[in-house]
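Peer 1: One structure coming up, written as structure tokens, with questions to follow.
The values are calculated or read from the model by the stated rules, or taken from the named source; none is laboratory data. Values in this document were obtained by computation on a predicted structure and should not be read as measured data. Methodologically, a virtual Cβ is constructed for each residue, glycine included, from the backbone with ideal geometry; neighbour enumeration extends over all protein chains shown.
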Amino acid sequence: MDENQEVRDWIEEFFSGSEKSPNLIGALLAMQKQFGYLPKVGMKALAGRLSVSPANVFAVATFYNQFRFIPPGKYPIKVCMGTACHIKQGGLVLDHFERKLGISEGEVTGDREYSLDRVACVGCCTLAPVALVGDEVIADMSPTKVDGLLLQHKIKREQDQE
């Protein structure tokens, strides 16, 4: 089954499983939770199901910065920029990830291994600065820890290929 059909099937299941008519933001959040991003075909299908224009769906989705429009990497990295992390040089951590991965925030590496995003707060202020790699919280981040983390992942990938 191709991805477009998978998305359309999910939309049908989502709407048939709802006791009440879902709102647009709730449906967008559910779609992103399911797929990790908002596929174009899914946003068009939502527009049809909710009787709104695709432009309205896209306008709402682009208004909120938590929505993604490209699939995340295998290892999604989120660098916290909440107040505590910002004060403790979270910006340096984000800059170092960008340099080491060769991407900017909101992008995915060419090999689809990593995606990099800035987040407002992850709720771990006492551990600042913090980064999330997948669901793993990494505390007291620094450029040196970024290097070590990426080296660990490289070694693991090489071992997995053997």
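This table checks each residue for (1) in contact with a strand residue (DSSP E or B) (Cβ under 9 Å, 6 or more places away or on another chain); (2) outside the structural domain of GLN34 (by TED's automatic domain parsing); (3) surrounded by fewer than 18 Cβ atoms within 10 Å (Cβ to Cβ).
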{"site": "ILE87", "(1), (2), (3)": "no, yes, yes"}
{"site": "PHE97", "(1), (2), (3)": "yes, yes, no"}
{"site": "SER104", "(1), (2), (3)": "yes, yes, yes"}
{"site": "ASP111", "(1), (2), (3)": "no, yes, yes"}
{"site": "TYR114", "(1), (2), (3)": "yes, yes, no"}
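Peer 1: Going through the stretch 82-126 one residue at a time, which ones are more than 19 Å from PRO39 (Cα to Cα), free of Cβ contacts under 8 Å to residues at least 40 places away in the same chain and in contact with a Leu (Cβ under 7 Å, 6 or more places away or on another chain)?
Peer 2: Within the stretch 82-126, GLU98, ILE103, GLU105 meet the criteria.
Peer 1: Further question: For residues in the stretch 31-71 being over 27 Å from ARG112 (Cα atoms) and hydroxyl-bearing (Ser, Thr, Tyr), which is modelled with the highest pLDDT?
Peer 2: Among those that are over 27 Å from ARG112 (Cα atoms) and hydroxyl-bearing (Ser, Thr, Tyr), it is SER53.
Peer 1: Further, regarding this structure: Can you find a residue in the stretch 139-146 that is closer than 16 Å to GLY73 by Cβ and either at pLDDT 95 or above or among the charged types (D, E, K, R) (or both)? Outline the logic, then answer.
Peer 2: Here is the first cut: in the stretch 139-146, the ones closer than 16 Å to GLY73 by Cβ are 146.
Okay, now just the ones that are also either at pLDDT 95 or above or among the charged types (D, E, K, R) (or both), so 146.
Looking for residues that are closer than 16 Å to GLY73 by Cβ and either at pLDDT 95 or above or among the charged types (D, E, K, R) (or both), one finds at least one in the stretch 139-146, hence yes.
Peer 1: With the requirement that a residue be touching a helix residue (DSSP H, G or I) at 6+ places or on another chain (Cβ under 9 Å), assigned to a helix (DSSP H, G or I) and of a type in the set (A, V, I, L, M), what does the stretch 34-73 give you?
Peer 2: VAL41, MET43, ALA45, LEU46, ALA47, LEU50, ALA55, VAL57, VAL60, ALA61 - these are the residues of the stretch 34-73 that are touching a helix residue (DSSP H, G or I) at 6+ places or on another chain (Cβ under 9 Å), assigned to a helix (DSSP H, G or I) and of a type in the set (A, V, I, L, M).
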